[in-house]
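Beneath this line is the structure, given in structure tokens, with notes to follow.
Only the coordinates and a few stated rules stand behind these numbers; no lab work does. For clarity, every value in this text was computed on a predicted model and none was experimentally measured. Here the Cβ positions follow ideal geometry from the backbone for every residue, glycine too, while neighbour counts run over all protein chains shown.
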Amino acid sequence: MSPAETSVERDLPTPEAHDLLDLTRDLVAAELAPRAAAEEEAGRFPREVFRTLGRAGLLGLPYPEEYGGGGQPYAVYLQVIEELAAGWLAVGLGVSVHTLACFPVARYGTAAQRERWLPDMLGGETLGAYCLSEPHSGSDAAALTTRAERDGDVYRLQGTKAWITHGGRADFYTVFARTGPDKSRGVSCLQVGAAGEGISAAPPERKMGLRSSPTAQVSFDDVRVPADDLVGGEGQGFPIALSALDGGRLGIAACAVGVARAALDAAVAYARERRQFGRPIGEFQGLRFLLADMATGVEAARSLYLSAARRRDAGLEYGTQAAMAKLFATDTAMRVTTDAVQVLGGYGYVSDFPVERYMREAKVLQIVEGTNQVQRVVIGRALTHPR
């Protein structure tokens, strides 16, 4: 059974953006989708894919062209993420996380820092990890305990970060650490090379899905970080982290739409081919209604993340809309992938067909970049305590 691609009408601003989406689809069809199932089963991390994407100009799309980025609107970048995730979630999510890890330097770094780091980051030569969560401070990020103490011209970094995508495989870590006593105003952001002495990673977590994307604890044992590698001012790390997460949540929303769309395509293809009682099962009204609801959810989720992205591109506040997009898109992905398994029946429950993998992958998207319960807190706070 080959998936039947549902029609996606892309709202793209320029011919260049259309070319980027065409390039992405070609790469997905040739390089990603054919490998995804086997690599996920084996838990192999496709590091070379990120170099390929960087050299193709797809790894730094929302960042300035002068540093090797694509200079594209966020709304274009997210549609590329959706296409990547539809072919292989580990790659789509990996690009989103890498983009998140680059954000502090790109937005808050000095000119010297941007010139020093961004070309390799955006060109795919170095891969990043975003280190905010800790074993005992996930959703309550301001409660982090990793410390960075100034000692002359270096910071001495001590602590452990948890649930780090690319942990142990990244070339650099964007680390948020406590440099002062205040809960939120005492956090700073440091750019830390992965080869530094005192850095170690635990074995990757054994996950239900997303197995080819390594997730691990990373420990920093008296790591000496040059003071020049502080990003933004001392004590400015927490607002930097929150600002980065707003964009990261949109990346997860786009990933969720990609996975949901892949599941919908597989379900539609199966419904066209599978025959029962002398006709394709897609002709039965009950199943058509199920597919209709799945397709409507995918379209609505895409519209929501694009609406939030356009606010970002226009320079408007978009944090609440990003939370809404992440919440709705990932809940939709969970529902759509579960329904896809139901459409395929027994075949949906076996690994010979991809929908069981999509369902396992969709679950993690409701958790990463802030659980969906946290997204509801963000949205509810905005409604009851408007600025």
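Under the rule that an exposed site lies in a DSSP loop and has at most 14 other Cβ atoms within 10 Å, name the longest stretch of the chain with no GluC sites (Glu not before Pro) of that kind, not counting the sites themselves.
In the chain, the maximal stretch lacking such sites is 10-196.
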If I stretch the segment between Arg274 and Val154 completely, what's the gain in nm (0.36 nm per residue apart, minus their alpha carbon distance), one decimal? 36.7 nm
Points 7 angstrom from Cα along the Cβ direction at Ala33 and Ala227: gap in nanometres? 5.4
Testing the spin-label approximation: label points 7 Å from Cα along Cα→Cβ at Ile367 and Glu125. State their distance in nm. 3.6
Could you pull out every residue, at least 5 positions away or on a different chain, whose amide H is within less than 5 Å of the one on Gly232? Hs are placed 1.01 Å off N in the peptide plane, and Pro or chain starts have none. Thr110
State, in angstrom, two size descriptors of the stretch 166-272 derived from its alpha carbons: Rg to one decimal place and Dmax to the nearest whole number. 18.6, 62
Suppose we keep just the alpha-carbon trace of the stretch 1-154; what are its Rg and Dmax in angstrom? 17.7, 63
Take Arg55, project a point 7 Å from its Cα along the Cβ direction, then tell me which residues of the stretch 27-48 have their backbone nitrogen under 12 Å from it. 48
Points 7 angstrom from Cα along the Cβ direction at Ala292 and Met208: gap in nanometres? 3.1
Once the dipole of the chain is set up with Lys and Arg at +1 and Asp and Glu at -1 on Cβ about the Cα centre, which of Leu118, Ala101, Leu250 lies farthest towards its positive end? Leu250
Ignoring everything except DSSP H segments at least 4 long, calculate the 222 nm mean residue ellipticity for the chain; use -39,500 (n - 2.57) per segment, divide by total residues, nearest 500. -17000 deg cm²/dmol
Potential extension, Arg335-Glu48 segment - 0.36 nm per residue separation minus Cα distance: 100.1 nm
Potential lengthening between Ala195 and Arg116 on full extension [0.36 nm per residue; Cα-Cα distance subtracted]: 26.8 nm
Just the ratio, please: alpha-carbon radius of gyration of the chain over 2.2 N^0.38 Å, N its number of residues. 0.99
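Taking the Cα centre as origin and putting +1 on Lys and Arg beta-carbons and -1 on Asp and Glu beta-carbons, what dipole magnitude results for the chain, to the nearest 20 debye?
On the way: 41 positive and 47 negative charges, 210 e Å.
The calculation lands at about 1000 debye.
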Could you pull out every one of the lysines with an alpha carbon less than 27 Å from that of Lys363, ignoring same-chain neighbours closer than 8 positions? Lys161, Lys207, Lys326
What residues have an amide H closer than 5 Å to that of Glu134, excluding those fewer than 5 places away on the same chain, when H is modeled at 1.01 Å from N in the peptide plane? Ala162
